[in-house]
Every structure is written in structure tokens, then in C-alpha cells.
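Enquirer: Okay, here's the structure, questions in a sec.
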Amino acid sequence: MLMNDSKVLITGGCGFIGTALIRTLRRLYPRIGIRVLDSLLTGTEEDLASVAPVRNGMDSGLPSSDAVQLVVGDIRDPELIREAASGCSAIVHLAANTGVGPSVEDPRLDMEVNVQGTFNVLEAARLEGVPRMVFASSGAPVGEIEPPIHEEVAPHPVSPYGSSKLAGEGYCSSYWRTFGVETVCLRFGNVYGPGSGHKSSVVAKFIREALADKTCHIYGDGRQTRDFIYIDDLVYAIQLSLESDVAGETFQIACGMERTVAEIAELISTALARKGVEMRVEHEAARRGDVLRNYSDTRKAKNMLGWQPEVSLEEGIERTVNDFLNTRGKYE
């Protein structure tokens, strides 16, 4: 269970979710020590430095509350991960090859990063005696079903990405049941919010393209549905998973609302128009591996973690547009 003097390893901690989580943990636990392992392929040291002072390298010893320790490396390196996990009381495993599109383009890379990488993290937790690991999963393992998605649905992944995340969930279950590593799998919805300038997901992509005066492209007819979750609500779910004694469980973490991509585009367009920015939209062919409908039943997370989302989609998009405007040019 997370305490004020805990030491936490966050893989992928320089990214959108990682930096938001670090900001929250340092505010709630002023003496917490945080170590970040990141390849810097997406997030940057500058992104991390925007939320905390940074110390580089393992040679500075265990992370302390005065700064976040950054270790640059790849989760496919088992020895590095074991070294990074040493002395920690919890791991939040965010690092991944993310998204359906990249997994279709290079399924082998997706497998190596998401399956072998997650195995490496769990094995490091076992060997180094790290009691708790929170795993960032997705709704993608479930595949094409009649929503809402819930935790008891038999998974039938459509994309390689869904398969790799399902494998990660499987290893989390086995490491809890066989080795006693307290794992919690969180199936994130489509995460958006301030600080998402590097992300290629739909909300960030549409805002970034509109601000760059580019045409925004919707794959297919736009009637495909997704379940969007604001970054602060997502971070709260991770926080509760670190603080809870719940283990060996999987939770849907989303808003529980079905919204079409076309609706999202309209909400973003309206928010941008209020700021004097025009958003142009065109349609492209549907992508391979995409599911048509996706939204979640989040009652299990409410009942077992005490979690529920608070920020509405309309309010969240307004905040996100404002953040992009305030940092305009940073991600172009």
C-alpha cells in the first residue's frame, strides 16, 4: 500500500499519463521517491522536468523526494528493469507500444515491447521483492462485442495491440496467483486532456491538426464509438490502485458513455470555434483492426476501488483546447 515514504518506479513516466501521475503523487505524498524508466521515444526529459526536478542515472541511488530520478532505457532490457525496480515498493507500468495502427504496421515490435516488456517488469518485481504492480491495459483485448465492455466478457482481440495487452493481463494474473505480486490491471479508455500534445489519439490529433491549419481526417464514416476519459480521472484510478489492498483484479477505467468519433470532432470544432479557430474534417477509409463500438461498464471499479469519473467530456475538451492554445507551437 502506498505511503508517504514509498519508492515508486514508473515505466514510461516521461509521457502524458506518467507526468500527470507524478505531479499528483508528489502533491499527495511530499516525501515519496519516484524513479522513471523511459526510452524517450515519445515523452522527453523536458516533459518530466515540467512537473519535477530531474536527476539522471542510477548512480544517484534510490529516488528521493527532492527530485525524480530518470533512467533512460528500454523495457525490453531485463537487467536494466531489474536494476530500476531494486528498492521500490510499487511499479506503475505505463511504457508500451500504443495503439491499433502501429500494431498493425509492425506486429512483431508490438509483441516485443508489450508482451516481453511487461513480462520483464513482472519478473523484476518478483526477483526484487516489489509487492505491487499497476499495469496500463486497454479495452482492446475484448475485441468486437456488443458493448458495454465489462471484466467478465471473454476476450477475442481484433488487433495485435489487443492481443499484446491481453497477454500482459494474463501474466499479471499468473504473477499474482503464483508468485504473490499484487497486480492491478486498468483497462484505460481513450485518454485525453492537458499535456497530451505528443499523443496520436483522436482528441489530441484533431486539436493539433486544426491549430496547424491542417485538415483533420476521420477513419471511416465517424460512427465508430469510443469511451473517453479525462486525464485527472485516470490518474485518480492509478492512485487508488496504488493505495488499495485489492490485487489480482482487472478494472474498466472509462466514463461509461458511448460517443461517436464524429461527435467528438463536433465538440472539438465547437470549442475551437469559440477561440476563433476553424477545424476542417475529411473522411478516409476505415483502418484495419479498429472495432466499431466500444464503451465500458465501470461498476466494478466503483465498487472495489471507490473510483468513478468526475469530468464531463464537454468540460474536458474545453480544458484540453485551452491547454493546446496556451502551449501553441510546442508540439508542432
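The values are calculated or read from the model by the stated rules, or taken from the named source; none is laboratory data. This is a predicted model, so every value here is computed, not measured. Here Cβ is always computed from backbone atoms with ideal geometry, including for glycine, and neighbour counts include all displayed protein chains. The area values use the complete protein model at the heavy-atom level, side chains included, leaving out ligands, DNA and RNA. Shrake-Rupley method; radii C 1.70, N 1.55, O 1.52, S 1.80 Å.
Enquirer: Only one of (1) outside any helix (DSSP H, G or I); (2) within 20 Å of the chain's Cα centre (by Cα) is not met by Cys88, so which one is it?
Expert: (2)
Enquirer: Regarding Asp106, is this residue open to solvent by less than 50 Å² (accessible area, probe 1.4 Å), under 24 Å from Gly189 (Cα atoms) and among the acidic types (Asp, Glu)? Spell out how you get there, then give the answer.
Expert: On the way: open to solvent by less than 50 Å² (accessible area, probe 1.4 Å): no; under 24 Å from Gly189 (Cα atoms): yes; among the acidic types (Asp, Glu): yes.
No.
Enquirer: Output yes when any residue across the stretch 127-139 is open to solvent by 50 Å² or more (accessible area, probe 1.4 Å) and part of a helix (DSSP H, G or I), and no when none is.
Expert: Narrowing the stretch 127-139 to residues open to solvent by 50 Å² or more (accessible area, probe 1.4 Å): 127-129, 131.
Still in the list and also part of a helix (DSSP H, G or I): 127-128.
Yes, the stretch 127-139 has at least one match.
Enquirer: What's the number of the condition Glu112 fails, among (1) surrounded by fewer than 20 Cβ atoms within 10 Å (Cβ to Cβ); (2) of a type outside the set (S, T, N, Q); (3) closer than 26 Å to Ile231 by Cα?
Expert: That leaves (3) as the condition not met.
Enquirer: Still on this structure: Got at least one residue in the stretch 4-17 being of a type in the set (A, V, I, L, M, F, W, C), touching a His at 6+ places or on another chain (Cβ under 9 Å) and open to solvent by 10 Å² or more (accessible area, probe 1.4 Å)?
Expert: Pass one, the stretch 4-17, residues of a type in the set (A, V, I, L, M, F, W, C): 8-10, 14, 16-17.
Pick out the ones that are also touching a His at 6+ places or on another chain (Cβ under 9 Å) and you get 9-10, 16.
Then drop every residue that is not open to solvent by 10 Å² or more (accessible area, probe 1.4 Å), which leaves 16.
Within the stretch 4-17, one or more residues are of a type in the set (A, V, I, L, M, F, W, C), touching a His at 6+ places or on another chain (Cβ under 9 Å) and open to solvent by 10 Å² or more (accessible area, probe 1.4 Å).
Enquirer: Can you find a residue in the stretch 137-146 that is among the aliphatic types (A, V, I, L, M), in contact with a Ser or Thr (Cβ under 7 Å, 6 or more places away or on another chain) and at pLDDT 95 or above? Break it down stepwise before answering.
Expert: Keep residues of the stretch 137-146 that are among the aliphatic types (A, V, I, L, M), which gives 140, 142, 145.
Among the residues that remain, those that are also in contact with a Ser or Thr (Cβ under 7 Å, 6 or more places away or on another chain) are: 140.
Cutting the leftovers down to at pLDDT 95 or above gives us none.
Checked against the condition, which is being among the aliphatic types (A, V, I, L, M), in contact with a Ser or Thr (Cβ under 7 Å, 6 or more places away or on another chain) and at pLDDT 95 or above, the stretch 137-146 yields no hits at all.
Enquirer: Scan the stretch 309-330 for residues that are in contact (Cβ under 8 Å) with a residue 12 or more places away in the chain, open to solvent by 50 Å² or more (accessible area, probe 1.4 Å) and part of a loop (DSSP other than H, G, I, E, B) and jot them down.
Expert: Hits for the stretch 309-330 are Glu310, Arg328, Lys330.
Enquirer: Follow-up question, since we're still on this one. Looking at (1) without any contact (Cβ under 8 Å) to a residue 60 or more places away in the chain; (2) under 25 Å from Asn190 (Cα atoms), find the lone condition where Val92 falls short.
Expert: (1)
Enquirer: Any chance the stretch 166-179 includes a residue that's under 20 Å from Leu240 (Cβ atoms), in contact (Cβ under 8 Å) with a residue 40 or more places away in the chain and of a type in the set (A, V, I, L, M, F, W, C)?
Expert: Yes: the stretch 166-179 contains one or more residues that are under 20 Å from Leu240 (Cβ atoms), in contact (Cβ under 8 Å) with a residue 40 or more places away in the chain and of a type in the set (A, V, I, L, M, F, W, C).
Enquirer: Quick one: count up the residues across the stretch 292-304 that are assigned to a helix (DSSP H, G or I) and open to solvent by 20 Å² or more (accessible area, probe 1.4 Å). If you could, list the steps in order and put the result at the bottom.
Expert: We begin by selecting, within the stretch 292-304, every residue assigned to a helix (DSSP H, G or I); these are 299-304.
Filter again for open to solvent by 20 Å² or more (accessible area, probe 1.4 Å), leaving 299-300, 302-304.
Total satisfying the criteria: 5.
For every residue, the table says whether it meets (1) of a type in the set (Val, Ile, Thr); (2) over 28 Å from Val321 (Cα atoms).
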{"site": "Ile145", "(1), (2)": "yes, yes"}
{"site": "Ala154", "(1), (2)": "no, yes"}
{"site": "Pro157", "(1), (2)": "no, yes"}
{"site": "Pro160", "(1), (2)": "no, yes"}
{"site": "Arg177", "(1), (2)": "no, yes"}
{"site": "Gly180", "(1), (2)": "no, yes"}
{"site": "Asn190", "(1), (2)": "no, no"}
{"site": "Gly193", "(1), (2)": "no, no"}
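Enquirer: Something else now. Within the stretch 46-74, take every residue that is touching a helix residue (DSSP H, G or I) at 6+ places or on another chain (Cβ under 9 Å) and hydroxyl-bearing (Ser, Thr, Tyr) and give me the one that is least open to solvent (accessible area, probe 1.4 Å).
Expert: The selected residue is Ser65.
Enquirer: Just the residues that are surrounded by 15 or more Cβ atoms within 10 Å (Cβ to Cβ) and β-branched (Val, Ile, Thr), please, taken from the stretch 259-273.
Expert: Thr260, Val261, Ile264, Ile268
Enquirer: Hey, can you tell me all the residues within the stretch 274-291 that are aliphatic (A, V, I, L, M) and surrounded by 13 or more Cβ atoms within 10 Å (Cβ to Cβ)?
Expert: The first filter runs over the stretch 274-291 and keeps only residues aliphatic (A, V, I, L, M), leaving 277, 279, 281, 285-286, 291.
Val277, Met279, Val281, Ala286, Val291, listed by residue number.
Enquirer: So, one more: Determine whether the stretch 37-45 contains at least one residue that is open to solvent by less than 10 Å² (accessible area, probe 1.4 Å), in contact with a Gly (Cβ under 8 Å, 6 or more places away or on another chain), hydroxyl-bearing (Ser, Thr, Tyr) and touching a residue at least 60 places away in the same chain (Cβ under 8 Å).
Expert: No, the stretch 37-45 contains no residue that is open to solvent by less than 10 Å² (accessible area, probe 1.4 Å), in contact with a Gly (Cβ under 8 Å, 6 or more places away or on another chain), hydroxyl-bearing (Ser, Thr, Tyr) and touching a residue at least 60 places away in the same chain (Cβ under 8 Å).
Enquirer: Taking the condition part of a helix (DSSP H, G or I), charged (D, E, K, R) and either out of contact with any Phe, Trp or Tyr (no Cβ under 8 Å at 6 or more places or on another chain) or closer than 25 Å to Ser103 by Cβ (or both), does Glu263 pass?
Expert: Values: part of a helix (DSSP H, G or I): yes; charged (D, E, K, R): yes; either out of contact with any Phe, Trp or Tyr (no Cβ under 8 Å at 6 or more places or on another chain) or closer than 25 Å to Ser103 by Cβ (or both): yes.
Yes: the conditions hold for Glu263.
Enquirer: Tell me, which strands (runs of 3 or more DSSP E) lie completely within the stretch 154-258 with 1 or more residues that are open to solvent by 20 Å² or more (accessible area, probe 1.4 Å), touching a Lys or Arg at 6+ places or on another chain (Cβ under 6 Å) and within 19 Å of Asn97 (Cα to Cα)?
Expert: Details: elements: 182-188, 190-192, 216-219, 228-230, 249-253.
In the stretch 154-258, 190-192 are the strands (runs of 3 or more DSSP E) which contain 1 or more residues that are open to solvent by 20 Å² or more (accessible area, probe 1.4 Å), touching a Lys or Arg at 6+ places or on another chain (Cβ under 6 Å) and within 19 Å of Asn97 (Cα to Cα).
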